[in-house]
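Have a look at the structure below before the remarks.
The values are calculated or read from the model by the stated rules, or taken from the named source; none is laboratory data. Only a predicted model underlies this, so the values are computations on that prediction, with no experimental measurement involved. Note that each Cβ is placed from the backbone with ideal geometry, even for glycine, and that neighbours are counted across all protein chains shown.
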Amino acid sequence: MTSMSSSARPLLNRRLAEFGTTIFAEMSALAARTGAINLGQGFPDTDGPEEVREAAVRALRDGRGNQYPPGPGVPELRAAVAAHQERRYGLSFDPDTEVLVTAGATEAIAASLLALLEPGDEVVALEPYYDSYAAAIAMAGGTRVPVTLRPHTTDEGPVFRLDLDELRDAVTDRTRLLLLNTPHNPTGTVLTRAELAAIAELAVERDLLVVTDEVYEHLVFDTAEHIPLATFPGMRERTVTIGSAGKTFSFTGWKVGWVTATPALVTAVRSAKQYLTYVASGPFQYAIAEALALPESYFGAYREDMRAKRDLLAAGLAEAGFGVFRPAGTYFVTTDIRPLGESDGFAFCRGLPERAGVVAVPNAVFYDHRDAGAPYVRFAFCKRIPVLEEAVGRLKALAG
Ligand SMILES: Cc1ncc(COP(=O)(O)O)c(C=O)c1O
């Protein structure tokens, strides 16, 4: 009998060969085997608002969304997304032609790249980058051009910053689009108004499209401010903005995301999206429409809850001896392990469950320039306070 796998040609195609396995699977298996607290993956350990869950149950019982919803998303959700963008940012979108509901932000990213890239087009992306970016660029046949965020010392402690000159230099005649992420996973950096203005100017000058992943738009702390790139001059017509109910309402399993952009861009992205999932998450779309209309107090309380968790974990990590990049946004904190006498994040994370009963992720997996990411390790703080307290207590063993 001839086995397919005995063929000399690998089953996984060349475009995806480097994406065969992820560190998350390995780390989660390690967490399960050792009973370690999993601060590796970014999902909350409490569900979002009860009334939103109830809204999903109601939709399911009332037979709303149990069959294929409309391709662009149910009208209620498209209207709610448009109202949210208007209320919060003064951005006006036509719910019928300028909003597209997707299977999470992940599909929005993939569909955008599949729609907008020709093979060989270059995509400039901030490094470290959320892990689906590299795979989505590869699936679309694009070439990724990373621009590395670099550590800087500031009065508020160390932070990762974008070097605008490096960004400018990364753009060539082959660059089709910029793929941005702010607030930024894994560094917690929130791009400033001045940085966004410079990016906007560059995009206009070089006639680039921009896909901007703003899934942590509601998780910005202290004096940081989230400003959508689409609000800058010349950007409304060239920007695909991506949001996610998973991140904003703590229902990551529902996979409800969305795109806002011009009718032409939405039409292009929908062309790819319709052959990926066609539609997804029927009843949940109705529930998220209600969630987006929650009063400001919900968003404020969510932000405050995560800020308190950030403070707890950041302080605990500092006490345990890590260098801490206090995040201005997201629910991740990046640390430097060199103060602990370590330099290899992979080896450190593989040993951490045994040493301290905690799982973290080596930032190097989010880099093309692995050396640049080697000494950094990411912890998620979207967990219950007692879980974080227990983790902090365990991590103190490292300081000993
Ligand atoms: C930056 C970023 N973009 C997108 C996603 C995926 O969002 P979704 O679960 O809505 O697909 C994540 C999830 O961790 C993320 O961190």
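General observations
- Search result, residues across the range 12-40 that are surrounded by fewer than 15 Cβ atoms within 10 Å (Cβ to Cβ) and part of a loop (DSSP other than H, G, I, E, B): LEU12, ASN13, GLY20, THR21, THR22, GLY35
- Output for the range 215-241, where each listed residue is within 15 Å of the ligand (Cβ to nearest atom) and closer than 19 Å to ALA380 by Cβ: VAL215, TYR216, GLU217, HIS218, LEU219, VAL220
- Flag if VAL333 is in a strand (DSSP E or B), outside the structural domain of ALA135 (by TED's automatic domain parsing), touching a Gly at 6+ places or on another chain (Cβ under 8 Å) and farther than 16 Å from LEU219 by Cα: no
- Consider the range 161-187 and keep the residues that are under 15 Å from the mean Cα position of the chain (by Cα) and assigned to a strand (DSSP E or B). The one that is nearest to the ligand (Cβ to nearest atom) is ASN181.
- Filter result for ARG64 (without any contact (Cβ under 8 Å) to a residue 12 or more places away in the chain, surrounded by 12 or more Cβ atoms within 10 Å (Cβ to Cβ) and either charged (D, E, K, R) or within 30 Å of MET139 (Cα to Cα) (or both)): no
- THR97 assigned by TED's automatic domain parsing to the domain that holds LEU167 and not in a loop (DSSP other than H, G, I, E, B): no
- Qualifying residue in the range 242-254 (condition: more than 16 Å from the ligand (Cβ to nearest atom) and either touching an Asp or Glu at 6+ places or on another chain (Cβ under 9 Å) or in contact (Cβ under 8 Å) with a residue 40 or more places away in the chain (or both)): no
- Only one of ALA105, ALA83 that is more than 21 Å from the chain's Cα centre (by Cα), part of a helix (DSSP H, G or I) and either of a type in the set (A, V, I, L, M, F, W, C) or under 25 Å from TYR275 (Cβ atoms) (or both): ALA83
- Scan the range 188-216 for residues that are of a type outside the set (A, V, I, L, M), in a loop (DSSP other than H, G, I, E, B) and touching a residue at least 60 places away in the same chain (Cβ under 8 Å) and the total you get is 3.
- Any chance PRO158 is out of contact with any helix residue (DSSP H, G or I) (no Cβ under 9 Å at 6 or more places or on another chain), in a strand (DSSP E or B) and either in the same structural domain as PRO362 (by TED's automatic domain parsing) or in contact (Cβ under 8 Å) with a residue 12 or more places away in the chain (or both): yes
- Pairs, first surrounded by 17 or more Cβ atoms within 10 Å (Cβ to Cβ) in the range 45-60, second not in a helix (DSSP H, G or I), C-beta under 6 Å, six or more apart: GLY48/SER250; GLY48/PHE251; ALA59/GLY65
- Number of residues in the range 272-283 that are surrounded by fewer than 24 Cβ atoms within 10 Å (Cβ to Cβ), in a helix (DSSP H, G or I) and in contact with a helix residue (DSSP H, G or I) (Cβ under 7 Å, 6 or more places away or on another chain): the value is 2.
- Residue selected from the range 95-136 under the condition of a type in the set (D, E, K, R) and within 23 Å of THR187 (Cα to Cα), by the criterion nearest to the ligand (Cβ to nearest atom): GLU107
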